[in-house]
1. Just tell me which lysines come within less than 17 Å, Cα to Cα, of Lys286; anything on the same chain fewer than 8 places away is out.
2. Using every alpha carbon pair in region 122-247, what percent of pairs falls into each 10 Å bin from 0 up to the bin containing the largest distance?
3. I'd like the accessible area for Trp245: 1.4 Å probe, protein heavy atoms, all chains in place, Å² to the nearest 10.
4. How big, on average over all directions, is the shadow cast by the Cα convex hull of region 349-505, in nm²?
5. Could you sort Asp111, Asp41 by their accessible area in this structure, using a 1.4 Å probe and putting the largest first?
6. For region 77-193, what are the per-bin percents of Cα-Cα distances with bins 10 Å wide, up to the bin holding the maximum?
7. Straight-line reach from Lys374: which lysines fall under 19 Å, measuring Cα to Cα and dropping same-chain residues less than 8 apart?
8. If you restrict to DSSP beta bridges whose two residues both lie in the chain, what percentage is antiparallel, to the nearest 5?
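The values are calculated or read from the model by the stated rules, or taken from the named source; none is laboratory data. Treat the numbers as computed from the prediction; the structure is a model and nothing was measured. All accessible areas refer to the heavy atoms of the entire protein, side chains included, with ligands and DNA or RNA removed. Shrake-Rupley method; radii C 1.70, N 1.55, O 1.52, S 1.80 Å.
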Amino acid sequence: MKKGIVYLVGSGPGDPGLLTLRAKELLEKADVIVYDRLGADEVLPFANPEAELIDVGKIPGLHNTPQEIINEIIRNKALEGRTVVRLKGGDPFVFGRVSEELTTLCDAGVDYEVVSGVSSAIAGPAYAGIPLTDRKFASSVVFVTGHEAEGKTNSNIPWQSISGIDSIVILMGIGNLSSITQKLIQFGRNPESSVAIIEKATTPLQRTVEGTLASISEIAIREKVTSPALIVIGDTVSQRSIFKWYEKRPLFGRSLILTRPLEQSRDLSDHLRKLGAAVHVCPTIKIQPIECNQTLTRFFSDIGNFRDLVFTSINGVRIFWEKLFGAGYDARLLSGKNILCIGPSTSAEMKKYGIKADFVPEKYVAEEIIPWFKKRDPARVALLRAEKAREILPLELEKAGYSVEIITLYKTIFTRELSVLAKEKLVEGKIDGVLFTSSSTVESFAEAIAEAGISNSLISAFTIGPVTSDTCRIHGIKIVAEASEYTSSGLAEAVKNYFINTMKV
Ligand code: SAH
């Protein structure tokens, strides 16, 4: 039997970009992933899809899984010969409570490795624009747990020595904030020292609240600061006013909903996240290839009779090739054909299969392709597309004397998936925009919110182009911006420009 092993892996503070290469590699090959923190959501998309995921923060009926049970889970899974990743927030050795888990593994003779992560204690201040050291006014730093402070007379924490350190970073301190600040003042720290609290650091929901040692606990209550948060005390806190790079990004503090199918949302969501937005992916449609597609099979064997092939979407291209290969053909089947792709993304997808489109209209609408046909003698043309599509293209082509064959490649199913979180945020007016990349995403989203009893008036739509915008109008959804280049990066650009010009209220 394969020998099991446990990797104790730091997942970083939240931003998936701060995951180490080693951590990513191990997540990809793990058989079992044991995790217990919210931030894990951000890095679990990297996990081996076959891996067994065990959320030890949420065993039904229990708030937190008792430590002994976690110890047993990781030990037993490794003894079964599995590769176990025990994911810990930040760095596992910084307030990670690892000793019990490691002792259990040592006692059982289980192999283990520790994979350092970027600690929130380091990354939080960096993302808030607070250097922890500075040649002029900070040459010492201390990391402290604030968990112990409350009313303890026998605290292990030497607050007196700590009060003299230049930069003090306190983890787990929000619950005891007022007793911590009092102790530091009592031991001689200037009550006017600058303090910042960084909540949900390195995530799109990062929030930084500032004050002084004397004022911060009241400010934190007023601002309803919650865990996880770091408290940073020191003169370098004031440098934030210049260095708060993360909070200055154009979409920082904005929450957006993406309605595209999951597999196609990644580029757009990555792009928007890099601009600082919190992105909720709520796929409202699903692409379903037509199974046992007789029309397509006939088309493959009859392809000699066609001169022109028109592709209208990335999905169409992808499914076409899957089916073509599945039927035992290869790219030579398209030899000599004119390949037309509507929109730059469709032609980019086609290029992945080694075919450069003969014509790509600049605008991502079907009508723009008609002039190309009008310049040529009519022939037989195949439109390879979704079941439900606009009829204008076949009608215009027929008018121009072409013989048109429509080959349906896929159906668009309305899934109307709206997560509980997205619904709550919509109702609370906390969603700044909903992004639509096709008419079907609008139609399905409109149905989903109607079902959830959410008013259309709460939606601010960003659309990929005029056709999608028209569908929004039909459904009474307000459009705040439309992409000028009808692609997902054009849409991201429209969102960015809109928010750069709109002040956050
Ligand atoms: N091993 C972790 C710390 C675990 S203790 C690390 O290296 O980061 C848990 C505490 O870490 C929280 O109470 C909070 O103070 C801090 N913390 C973890 N993630 C955080 C985040 N994204 N933002 C702010 N504080 C965070």
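1. Reachable lysines: Lys388, Lys411.
2. The distribution over region 122-247 is 14, 50, 32, 5, 0, given as percents.
3. Probe radius 1.4 Å; accessible area of Trp245 about 120 Å².
4. On the way: hull surface 45.6 nm².
Mean orientational projected area (region 349-505, Cα hull): 11.4 nm².
5. Highest to lowest solvent-accessible surface, that is Asp41, Asp111.
6. Histogramming region 77-193 at 10 Å steps yields 11, 34, 29, 17, 8, 1 percent.
7. Lys337, Lys363, Lys399
8. Just about 30 percent of them are antiparallel.
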